[in-house]
Amino acid sequence: MVRVVFGVLGPTVAAGDSGDALALKGPRHRAVLARLIVARRRVVPVARLVEDLWADPPPGAVGAVQTFVAALRRVLEPERPPRAPARLLVTDGPGYALRTEPDTVDAWRFETALATAADLPAQQALATLEEALGWWRGPAYAEFADEDWSRGERARLAELRLQAVERRAEAHLALGRPADAVPDLDAHLTEHPWREDAWRLLALALYRQHRQGDALAVLRRAREVLTNQLGLDPGPRLRHLQSDILTQTPTLDLPPDTPGPPPHPPRGARNRALGSYEPAPNTPAHPHPPRGARNRAPSPIPPEPNTPPPPTTPPPADLWTRAAKTYNRTVAKGTRARLESTVGLIRNLAVTGGEGLAEARHHRTAAITAAEEFADPELTARVIGAYDVPAIWTRADDPPAAEHIVAVAERTLAALPTGPHDTARCRLLATIALETRGAPGPRGPEAAREAETLARRLDDPALLAFALNGRFMQSFTRAGLAPQRDAIGAELVELAVRHGLVTYEVLGHLIRLQARAALADFAAADTHAATADRLAERHELPLVGVFTEWYGALRLSATGEPARAGAACRAAAARLDGAGMPGLERGLLPLALLCLRLTHGLPPDPDPRADWGPHRPWAEPFTLIAEGRHTEARTALHALPEPPHDLLHEAYCALEAEAALRLDDRTVLERARTRLRPAAAELAGAGSGLLTLGPVERYLTD
């Protein structure tokens, strides 16, 4: 009988004795095989397989499962005679079982190796762990991340892998190789910053390299991470280690009889679970100074002739290129560390505007999708929540992407294990509030309230700023809420100034600019615009000028200069071209010019050929009135949808009222009056910071 081995530490595969992969056919064939491996030689009833394979089983699902099993048997036991009983994938009672041996499944071998290594001497334990970690080809059961039946097993194996990485570091330390432990622990903690034992091992490894300051810095970073993300103080082992390092306790050093590191292959030849390292430079060994002399002033003795000169600092223009090359060389592709680093880059890219913003949106969606494939909800939560880019405009630039992000965030919220994950939950809720901007329904406001409550309880300034941005996005449930938004902006400014959150300081000023414009307080709005521009120039935030320039056009209209306002609108629209904000740009110029003409008593004269984008329904009645088609205009008026709950809500209501007045349609006039009455003290549309139709009171009076 041919021996078959199975791999689930990555995509599900099977191979024969020769090592050649077996053709497992389609995804449902692999799903049946993976489901049986998860059962660990136990029987899985056919009915359970049907439930696990289909959310809504089709007619004939049982027969389909039988077909999949028959196909798998032909692949796994090709030499089995016809009608002979299967010996590997067997029928047992109401279902099937995979009766493979424990050493034929990589995940089972990995567990055995991890348990065995615990009782081995350090050198043998290290070799065993190195080999076992090398079996990982990706997340366990990688292609079945969304399946309930795989979730528990994936999480269990992921935890065992983390333990293996930490035990490998312990073996390096026990063998006197602290330098070998540091890179793996650094990458490990980037992905899993809540692992207290990893922080302890990293600090100890640095101390044993005579880097006491770095070791203490690691312990400070551990305290910050554990406190800010989990709301916990470091455990006793971390606290005792800090005290021992400060006093240079002798027990931290290796015992004098510790064997030196035996010869081993160069770094480039060593197989690591997270990828191979580049060959280390051929650096000459120097004896370590005695502990007591480590912090003394350097000796004035000149360096030996063969000592390499100190490295020169590259010019700033080259720093990015050099760092990126080093990162690309040393951090393995496909790891969590790369994924999380990428999200940080995407976040920074988004505030550059133009192509950077468009690319950031695209890569953000891809990063979230990739994170979910790891079946690690805490990782997915961090990847989603790391994109805390301040947002001022209340319409999504890419609605399908926003829907996808919300769906993943909701799944991640549901999948987060119980325990202290409030920071992650808060970021997910704030993301949902931001990405459901302008959407009807209670979920957005509910998520915003929950996020703000959590952020205030956690007392995290950056988290609160993110949550307040979500609350702002959900503050358009009715007209007349400019004072409440002004209060949100004021809190954001105060919070950001106190804690150095520059981008949120800018956001707060832009929110206040909008709110004060709505309240016709142009002196205050001017101040906020000037402050936002000054901060944007200092911190290289080019998109801020888009909003302050549109505000300048609005101000000219509101203060009775329609000709200059029209020219300013066109100039502001030209700046939008290529800014990477289609949700703002599309249709804005014709809408602003229509509002400008209506405000100043000029014929509307809408251009029917213009790209009105999402604003077309509110422009259509005026186009038809201008053509004398009043019956069709009245039909278009009655077909208007509910004005979206966003920054243009009052503007749409005013346009509806203006069209109804021209058509003498009392029903629509009464509806518009009801919607606009709470904003009686505001300028219609000015809360957008982009355009206005004049005082709301005028429409109520008319």
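The values are calculated or read from the model by the stated rules, or taken from the named source; none is laboratory data. This structure is a prediction, so every number in the text was calculated from the model and none was measured. Cβ placement follows ideal geometry from the backbone for every residue including glycine, while neighbour counts extend to all protein chains displayed. Each accessible area value is taken on the protein alone, full model and side chains, heavy atoms only, with ligands, DNA and RNA left out. Shrake-Rupley method; radii C 1.70, N 1.55, O 1.52, S 1.80 Å.
Round to a whole number: what % of the accessible area of the chain belongs to carbon and sulfur, probe 1.4 Å?
On the way: 18260 of 32750 Å².
Carbon plus sulfur share of accessible area: 56 percent.
Tally Lys and Arg at +1 and Asp and Glu at -1 over the other residues with C-beta under 15 Å from the C-beta of ASN348: what net charge comes out? Walk me through the numbers on the way to the answer.
Values: positive: ARG347, ARG361, ARG364; negative: GLU340, GLU355, GLU359, ASP388, GLU540.
Counting the neighbours of ASN348, the net charge comes to -2.
Rounded to the nearest 10 Å², what accessible area does GLU143 show when all protein chains are kept and the probe is 1.4 Å?
In the full protein context, GLU143 sits at about 80 Å².
The list (1) 45, 36, 31; (2) 57, 38, 20; (3) 41, 33, 28 gives values of semi-axes √(5λ) of the Cα gyration tensor in Å, and only one came from this structure; which label was calculated from it?
Evaluating semi-axes √(5λ) of the Cα gyration tensor in Å on these atoms matches (2).
When Rg is the radius of gyration of the Cα atoms in region 573-702 and Rh is its Kirkwood radius, what does Rg/Rh come to?
0.95
Averaged per residue, what accessible surface does the chain expose to a 1.4 Å probe, in Å²? Can you show the working numbers first?
On the way: 32750 Å² over 702 residues.
Per-residue accessible area for the chain comes out at 47 Å².
If packing is taken as the average number of other Cβ atoms within 10 Å across a peptide's residues, how do 169-180, 503-514 rank, most packed first?
Details: 169-180: 20.3, 503-514: 26.1.
Result, highest mean first: 503-514, 169-180.
Can you give the FRET efficiency for ALA680 and LEU345, using 1/(1 + (r/R0)^6), R0 = 51 Å, r = Cβ-Cβ distance, to the nearest 0.05? Could you put the intermediate results ahead of the total?
Working: r = 47 Å, r/R0 = 0.93.
The computed FRET efficiency comes out at 0.60.
Given a Förster distance of 41 angstrom, what is the FRET efficiency for ASP17 paired with VAL50, based on the Cβ-Cβ distance and rounded to 0.05? Each step should come with its number before you reach the end.
On the way: r = 33 Å, r/R0 = 0.81.
That gives a FRET efficiency of 0.80.
What length, rounded to one decimal in nm, is gained on full extension from THR112 through to ALA407, with 0.36 nm per residue of separation minus their alpha-carbon distance? Show your work: numbers first, answer last.
Details: separation 295, 0.36 × 295 = 106.20 nm, distance 3.78 nm.
Net length gain for the segment: 102.4 nm.
Please list log₁₀ I(q)/I(0) at q = 0.14, 0.17, 0.18, 0.27 Å⁻¹ for region 536-618, using the Debye equation with identical point scatterers on the alpha-carbon positions.
Normalising to I(0) and taking log10 leaves -0.49, -0.70, -0.78, -1.36.
Mind putting together the pair-distance distribution for region 171-243? All Cα pairs, 10 Å bins, whole percent per bin, short to long.
21, 56, 22, 1
Starting from the Cα of LEU602, step 7 Å along the direction of its Cβ; do the same at GLU537; then give the gap between the two resulting points in nm.
So the two model labels end up 3.1 nm from each other.
Mind giving me the FRET efficiency for GLU642 and ASP398? R0 is 25 Å, r the Cβ-Cβ distance, nearest 0.05 is fine. Could you put the intermediate results ahead of the total?
On the way: r = 23 Å, r/R0 = 0.91.
The pair GLU642/ASP398 has a calculated efficiency of 0.65.
Give the long-range amide H neighbours of TYR96: residues separated by 5 or more places, or on another chain, with amide H under 5 Å away, using H modelled in the peptide plane at 1.01 Å from N.
VAL44, VAL46
Can you give me the relative contact order of the chain as a percent, contacts being Cα pairs under 8 Å and 6 or more apart? The partial results should precede the final answer.
On the way: 1015 pairs, mean separation 58.3, N = 702.
Answer for the chain is 8 percent.
Would you pull out the residues with amide H under 5 Å of LEU232's amide H, same chain only if 5 or more places away, H placed 1.01 Å from N?
THR227
Using the Karplus equation 6.51 cos²θ - 1.76 cosθ + 1.60 (θ = phi - 60°), what ³J(HN,Hα) coupling, rounded to whole Hz, does each residue of region 607-623 give in order, writing x for Gly and Pro?
8, x, 8, 5, 7, 7, x, x, 8, 4, x, 7, 8, 4, x, 5, 4
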